[in-house]
1. I'd like the per residue volume of the convex hull spanned by the Cα atoms of region A:89-136, given in cubic angstrom.
2. At what distance in angstrom do the alpha carbon centres of region B:81-95 and region A:221-246 lie from each other?
3. Cut-off 10 angstrom, C-alpha nodes, Gaussian network model of chain A. Which of A:109, A:62, A:188 fluctuates the most?
4. On full extension of the chain, what length is gained from residue A:389 through residue A:424, given 0.36 nm per residue of separation minus the C-alpha to C-alpha distance?
5. Helix-only mean residue ellipticity at 222 nm, chain A, DSSP H runs n ≥ 4 weighted -39,500 (n - 2.57), per residue, nearest 500. What is it?
6. Find the Cα radius of gyration of region A:306-350, compare it with 2.2 N^0.38 Å by division, and give the number to two decimals.
7. Stokes-Einstein diffusion coefficient for region A:41-246 at 4 °C in a medium of 1.567 mPa s, Rh from the Kirkwood formula over Cα pairs: what value in µm²/s?
8. May I ask you to sort B:267, B:203 by Cβ crowding, counting other Cβ atoms within 10 Å and putting the fewest first?
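Read-outs throughout are calculated quantities, based only on the coordinates presented, and are distinct from any laboratory measurement. In this text, all values refer to a predicted model and were calculated from it rather than measured experimentally. All Cβ positions, glycine included, derive from the backbone under ideal geometry; neighbour counts span all protein chains shown.
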């Protein structure tokens, strides 16, 4: 009897365990299904951020698109499947599952007046890797087609050259093997070695594939946009507010790199900012052309789903390095000198210290410079006024900075001076007591 | 001097204002010297400056560790901290002084003389403001000493900020007097004042905290604390306009950005706030009468 009960219990336990296992596997299968996809109309935006093109998704939950003024930007209307990605708290598009262009026209409205109706156009973006900012271009229509053909031709030529190179390399290998076989020692003297074929240079021009979108370049202002379909109806969810903005200011940003801690540079964006450093520091100032934007607008241009930035703040964005203009350094004692930007190489020091050493770049022994900057050696009471000199010797607007040493050894005096009101209070207290005693004596 | 003045007996409007001004000056003179002869203001100013010194010390430590620091105005934060501490003290002193005079019946006695509600409030207001002008001079000396001592860059903006802080302190003192008139008893006025100041501080800190929390986790349209953050931002935007400290903070930003029009706007808002509290304090006193 006991045995039978135990067998029954075992049987029940086995059934329960199996049920739990099935339930668990079912739940794990459910969690592996991924987030739910929703069919949605979105805008794929290719925006110019001041130096390069970046892409952003505008899902139905976002009501406003931000773009830079007087620059070619692309707004592509698309049907896709979107899903919520909780890790980044954003809607993402599953372009692989669906990526359909919504054919129609873009209506641009300002203050209730239709100011432009745009047709879809083909476009490509190209640049040369040797000078990305200088060669960056967005080409439309027939020009886009021609530019893409040029790029395609260069790619085809490269592939053909690569195939030829591969064949020549194989033949060179055979020649070596043959020479080795003919040699009594099994080795080939260097003077008898055939010249190794050289690999063809890789094309430096990069290009996107031709795509379609509304290429839009507007003056700063607030607009409304919507897509009018071929049948004359307005595409649902296509109405968005479009804010086109300009940089508030332009200038030169500096990255101040102390020699002893080059891994932690300090960013000096504001022209009226002061760079403070320890006495005896060798400072390298790396200069960049920079622009100040409204932080809210700029961040929302890069990520339309972002909600974190307040509209009353500015944001400096650094672009290409400014290494050509000489730097004028006024040491505050009437001595003004000009300095050129110099290339430097950062070498990791051997041993367990994991330190770094900044040394002038030597093209004969080093591959490429780590950075280029203007060098300042700061003495104990250094107070430099620096600026970059543009054409005709005029300082480049926004490039002025002051560089000073900070007296960190006077901390105690800082507190002594701050306690000054206590001393004053004591003086007042004793003076009052003296006056009070004098009154008593008189009485 | 005060005993010969009788505000109610003079029919001429100009003469009435002159007598009122003289009465206010008499109260101001008595209260100012009382504060200047006390220990509190020196202690509070020393605490404020030592707190400011800690902020500067922090900056020195940063430079010691990182060898370099780029900053626009290292004295702005210490100075606004000092203004916060000193203004709260002066506003509390004003609230206590005015409420105590009502509570003890001194105010009632004064009303039999040449003092009316306006002269009473103006006297206490000016007393605290005169003390702050003295404090401002001391802080100006302190800031120049610190600039020289630490080898900071001298900036006229510091002087402008200190000058603008007079409007901020005036608004906070007027708020203290408004609370004194409204609260009636000293203890009640103190409680009201503390609660309101703490509420403003809590809103500011709460907003900063929630904003930083959100920033730590990719804030987006679907942020889990989106609503709380938006609500706090909204409330804080209101507080920033209502609070004289919020206005001073905006003036400091505008000074750095060279936005003269905005500076004037925020100075105007601060002065309007002060005037509103000042007038409201007088109106409440008039409505409540001598005994409250």
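1. Spelled out: Cα convex hull of region A:89-136, divided by residues, is 229 Å³.
2. 53
3. A:188
4. 7.6 nm is the gain from fully extending residue A:389 to residue A:424.
5. Details: 6 runs with 115 residues, N = 443.
For chain A, the value works out to -9000 deg cm²/dmol.
6. In units of the 2.2 N^0.38 Å rule of thumb, it is 2.00.
7. The diffusion coefficient I find is 62 µm²/s.
8. In increasing order of surrounding Cβ atoms, one gets B:203, B:267.
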